[in-house]
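Data block below; observations after.
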């Protein structure tokens, strides 16, 4: 069973784990690492390392989700990349966290990371566009859905 570490600015990661627990029930091998603006680089490294060790994944590897590509949570997490023991996925949202827990026994850590990324993408939508299409009005001009045929 793989472990999960969510590394974010402030308390976002903790909130995502709390939301997932409210939906799925108790969660195992999952840690939130909440970085604060006053944390030194050394302190941040220590917090991330502790989170990875605590999540552990029972030896099956760890997925680290960070809030955004290029941010400190991502950049620090990338230092812990190992060929088949850890993957980093950025842009964390609740659908990604739920997908992790639903598919955490996927044998391939890389495949699990890809499934999580796809769940994150699918979880982002403009519901008004869907409702307008269903009502026959079509998406608004300039929306990505309106430009799909171009």
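Every read-out reported here was derived from the displayed coordinates using simple, explicitly stated rules and does not represent laboratory data. Everything numeric here is computed off the predicted structure, so don't read it as measured data. Here the Cβ is made from the backbone with ideal geometry for all residues, glycine too, and neighbour counts use every protein chain on show.
Of note:
- Measuring r between the beta carbons of residue 122 and residue 40 and using R0 = 41 Å, the FRET efficiency lands at 0.65.
- Counted over the chain, the DSSP beta bridges are approximately 5% antiparallel.
- Principal-axis tilt of helix 41-55 within the chain, Cα atoms, nearest 10 degrees: 90 degrees
- Peptide ranges 1-10, 101-110 listed from the most packed, as the mean C-beta count within 10 angstrom indicates: 1-10, 101-110
- Structure-derived Rg/Rh (Cα atoms, Kirkwood Rh): which label, when the choices are (i) 1.01; (ii) 1.06; (iii) 0.98: (ii)
- Expected 222 nm ellipticity per residue - DSSP helices of 4 or more, -39500 (n - 2.57), all of the chain, to 500: -13500 deg cm²/dmol
- Each Cα pair under 8 Å and six or more residues apart adds its sequence gap; the mean of these over the residue count of the chain is a relative contact order of 22 percent.
- For the pair residue 27 and residue 103 in one chain, pulling the backbone fully straight at 0.36 nm per residue adds 26.0 nm over the alpha carbon distance.
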